[in-house]
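Okay, structure first, notes after.
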Amino acid sequence: MNPGSFLSAAEIPLPRLYICMAGVFFVAAMVWVYTLMKHRYSVFKIHWLMAALAFTKSTSLVFHSINYHFINIEGHPIEGWAVMYYITHLLKGALLFITLALIGMGWAFIKYALSYKEKMIFVIVIPLQVLANVAYIIIESTEEGYSEYYLWKEILFLVDLICCGAILFPVVWSIRHLKAAKNLEKLKLFRHYYVMIVCYIFFTRIIAILLKITMPFQWQWCYEFLVEVSTLIFFVLTGYKFRPASNNPYLQPPLNEEDVEKDEVVTESGALEGISKVKKTSNGRERQKEPTL
């Protein structure tokens, strides 16, 4: 029995949980914006996209809390608030995977242009994200007794796993590129980022669900709490690793394209071919020629 509430015992704490987590994400977003303004000369466009993701996540949680609040007191969602929540949830999901993919591809951190196969990641992930959000909206507005409920729930789980797997490919490509370039500092950074994504996916998609199944019914709201806290930790760690700071050895700005082109032209033109370097020994009598290129 839940006197004075239309929510189940597992859902009664959710409105307060979502509004509290919305406040935490908003504070984290403001701290991130302050960091960007403090180091404005080291900021890339991807940093502002990360800020937009944090604010969108906070807004989505606010509307999610409001939606559950009206279900709690009236027994059904208010259409306007529900629509606002679904819109922000859609934007949050799209921004999350786009931001993770761009970071994994090393956009602005390693290079300024994306390859064909990297662009294809967006062609695959964005439609899948739309499908996943459609499935989520249908699940939210459908009773568990309907046969379509479990069908769309399985579709959501499968599509979400495919999107998570697609996000890992750009990180692997960046690691291979950095290995070839022998850039050890950024290689270490992207290896850490790869481990962070794997741990985040494993915890939120597998461990948290297993905990939800094994928990007593009235404590199943802890599943949502664990997912939101792990998301916050993942956001904070990602922001710390890729923070815009002039003394951050991992994020030294890449060479300008003109400088890279000049180096390639000089190297390939053979302008220095045949030029030797004269090395003088300690006694000053012997000399040794060493080819420079």
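The values are calculated or read from the model by the stated rules, or taken from the named source; none is laboratory data. This one's a predicted model, so the numbers in the text were calculated from it and none came from an experiment. As a convention, Cβ positions derive from the backbone with ideal geometry for all residues, glycine included, and neighbour counts pool all protein chains shown. Surface areas here come from the heavy atoms of the whole protein model, side chains and all, with no ligands, DNA or RNA. Shrake-Rupley method; radii C 1.70, N 1.55, O 1.52, S 1.80 Å.
Structural remarks
- Remark: pairs (first residue in segment 124-147, assigned to a loop (DSSP other than H, G, I, E, B); second residue open to solvent by less than 40 Å² (accessible area, probe 1.4 Å); Cβ separation under 7 Å; 6+ apart in sequence or on different chains) = Thr142/Tyr149; Glu143/Tyr149.
- Any hit, segment 40-60, residues being farther than 19 Å from Thr231 by Cα, open to solvent by 30 Å² or more (accessible area, probe 1.4 Å) and of a type in the set (Lys, Arg): yes
- Boolean, Trp32 is buried (at least 18 other Cβ atoms within 10 Å of the Cβ), at pLDDT 95 or above and over 30 Å from Glu143 (Cβ atoms): yes
- Look at segment 209-227: where a residue is touching a residue at least 40 places away in the same chain (Cβ under 8 Å) and a partner is surrounded by fewer than 17 Cβ atoms within 10 Å (Cβ to Cβ), sitting 6+ places away or on another chain with Cβ atoms under 7 Å, you get Phe217/Ala9; Gln218/Ala9.
- Single unsatisfied condition, Gly165 versus (1) at pLDDT 85 or above; (2) in contact with a Pro (Cβ under 6 Å, 6 or more places away or on another chain): (2)
- Filtering Phe190, Phe122 for residues that are at pLDDT below 90 and either of a type in the set (Phe, Trp, Tyr) or open to solvent by 40 Å² or more (accessible area, probe 1.4 Å) (or both) leaves a single hit, Phe122.
- Breaking point among (1) open to solvent by 30 Å² or more (accessible area, probe 1.4 Å); (2) in contact (Cβ under 8 Å) with a residue 60 or more places away in the chain; (3) under 16 Å from the mean Cα position of the chain (by Cα), for Phe25: (1)
- Some residue of segment 128-146 being hydroxyl-bearing (Ser, Thr, Tyr), modelled with pLDDT of 85 or more and surrounded by fewer than 16 Cβ atoms within 10 Å (Cβ to Cβ): no
- Of the candidates Val265, Val260, the single residue that is open to solvent by less than 60 Å² (accessible area, probe 1.4 Å), assigned to a helix (DSSP H, G or I), modelled with pLDDT under 50 and over 27 Å from Leu36 (Cα atoms) is Val260.
- Within segment 173-187, the set of residues being open to solvent by 60 Å² or more (accessible area, probe 1.4 Å), in contact (Cβ under 8 Å) with a residue 60 or more places away in the chain and within 22 Å of Ser115 (Cβ to Cβ) comprises just one member, His177.
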